[in-house]
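Written out below as structure tokens is the structure these notes cover.
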Amino acid sequence: GGSDETVEETRTFPDAANQLEGACYCGAVTVKATAAPEAVAICHCSECRKWSGSLGQLVTLFKAENVVVEGDLVEFKHPSATTAVGDGTKNNSIRRCCAKCYGCVTNDGQGSWDGLRDICGGILGSAKWEPTMHLNYPLSVVCFKDGLPKYKGFPAGFGGSDETVDE
């Protein structure tokens, strides 16, 4: 049987400086975040899956001014990855990787994501992340039964419809 006890869950983010430092696969590019992220999520869109070569991307969104990246990067803008912004469209994803090993480092948002920088979650050392949502969940190639909100696209705060789908 169940319990009438209410359990309150608190999601925490790493706050120690050494937990918010990392490097690309070869170590030529280093990244440091000087504040906690604005959001942590798992994105299941095909672009994130292709870029990460995995089931999706652990998105750790920081204010861009709180992220320091050192080292040579290569920038890529997918020609069809656009979103409506004001009087036209902008590329909604500016992905940067190490110029030496091509490991993913950052993904800068455009449009409703202006001013936010996604640090590829797996490169931030030993930080333990607890995502609070799934993005683009209908495109997922793996089912998650974790009780987190699963957005059809994006939450309203990130320019989306706020529409969710079932687990």
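The values are calculated or read from the model by the stated rules, or taken from the named source; none is laboratory data. Just so you know, these numbers come straight off a predicted model, no measurement behind them. Positions of Cβ are generated from backbone atoms using ideal geometry, with glycine treated the same way; all protein chains shown enter the neighbour counts. Side chains included, ligands, DNA and RNA excluded: accessible areas come from the protein's heavy atoms. Shrake-Rupley method; radii C 1.70, N 1.55, O 1.52, S 1.80 Å.
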| field | Residues (basic (Lys, Arg) and part of a strand (DSSP E or B)) located in segment 132-164 | value | Lys150
| task | Kindly list, by first and then second residue, each pair from a residue in segment 147-167 that is in contact (Cβ under 8 Å) with a residue 60 or more places away in the chain and over 16 Å from Pro131 (Cβ atoms) to a residue that is open to solvent by less than 30 Å² (accessible area, probe 1.4 Å) and not hydrophobic (A, V, I, L, M, F, W, C), limited to pairs with Cβ atoms under 7 Å and residues at least 6 apart or on different chains. | result | Gly159/Gly111
| message | Consider segment 110-139. How many of its residues are modelled with pLDDT under 85 and touching a Lys or Arg at 6+ places or on another chain (Cβ under 8 Å)? | response | 3
| query | Of all the strands (runs of 3 or more DSSP E) wholly in segment 24-81, which have at least 2 residues that are within 13 Å of the chain's Cα centre (by Cα) and at pLDDT below 95? | reply | 39-43, 57-63
| said: I'm told Val142 meets every condition in (1) closer than 15 Å to Leu58 by Cβ; (2) modelled with pLDDT of 90 or more; (3) open to solvent by less than 30 Å² (accessible area, probe 1.4 Å) except one. Can you identify the failing condition by its number? | reply: (3)
